[in-house]
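Enquirer: Before I ask anything, here is the structure I am working with.
The values are calculated or read from the model by the stated rules, or taken from the named source; none is laboratory data. Since this is a predicted model, take the numbers as computed values, not measurements. Reconstructed Cβ throughout: ideal geometry from the backbone, glycine too, with neighbour counts over all protein chains shown.
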Amino acid sequence: MMLHRALRFIPLAALIGLFGISGCNQGGPETGRARVASPSEPSHEDFNDYQVHFNAVRSDELSAEVARAYGIERSSNRVMLNVSILRKEPDGSTVPVDGNVVASAHNLNGQLKDLQVRRITEGESVYFIGEVGISGTEILVFDIQATPEDQPGTYTVQFKREFFAD
């Protein structure tokens, strides 16, 4: 339940904290540990009264319990995309809003990756997750179109992350 509450408001920050992703590569052959993907760009974008938060992590970094609860395949060669739409309130806080999210992913060779996004709701929380496969070391570029419910505009975000499959 704590993961759900963290994901509800700031998915990227929650995932970063839970998975230990830092601003530099960790591990690798010299330490005997797998390297962890490092965010190379911001974790959200502002659009007037809304924010779109986004993150992508290897799915094996999720606990077995969380993966099972959300039907996510845990694997070192799978990546989970997590997106949420937040409305800015006058007091400076943000609240999650429903809407529609469509996303695609491709690698730097231009190969389109299969990515289906599904909506998750639990209480007031609304977020969108999808999974995509990776091979070896890959940089994925994610293109996201997020439309808040009952709003005419669609907000477009693009970000990239580097992943290291075992």
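Enquirer: Scan (1) of a type outside the set (A, V, I, L, M, F, W, C); (2) surrounded by 15 or more Cβ atoms within 10 Å (Cβ to Cβ); (3) touching a strand residue (DSSP E or B) at 6+ places or on another chain (Cβ under 8 Å) for the single condition residue 89 breaks and write down its number.
Expert: Every condition holds for residue 89 apart from (2).
Enquirer: A follow-up question, please. For the range 61-90, give me each residue that is touching a residue at least 60 places away in the same chain (Cβ under 8 Å) and among the charged types (D, E, K, R).
Expert: 87
Enquirer: Let me ask another. Strands (runs of 3 or more DSSP E) wholly in the range 58-166 with at least 2 residues that are hydroxyl-bearing (Ser, Thr, Tyr) and modelled with pLDDT under 95 - which ones?
Expert: Passing ranges, in order: 125-133.
Enquirer: Now a separate question. Taking residue 105, is it closer than 17 Å to residue 164 by Cβ and either surrounded by 13 or more Cβ atoms within 10 Å (Cβ to Cβ) or touching a Phe, Trp or Tyr at 6+ places or on another chain (Cβ under 6 Å) (or both)?
Expert: Yes, satisfied.
Enquirer: Determine whether residue 52 is in a strand (DSSP E or B), surrounded by 18 or more Cβ atoms within 10 Å (Cβ to Cβ) and out of contact with any His (no Cβ under 8 Å at 6 or more places or on another chain).
Expert: So residue 52 does not fit the description; no.
Enquirer: Taking the condition surrounded by fewer than 16 Cβ atoms within 10 Å (Cβ to Cβ) and under 21 Å from residue 42 (Cα atoms), does residue 132 pass?
Expert: no
Enquirer: Restricting attention to the range 55-65, report how many residues are of a type outside the set (Lys, Arg), buried (at least 17 other Cβ atoms within 10 Å of the Cβ) and either over 17 Å from residue 116 (Cβ atoms) or in contact with a Cys (Cβ under 8 Å, 6 or more places away or on another chain) (or both).
Expert: Here the count works out to 5.
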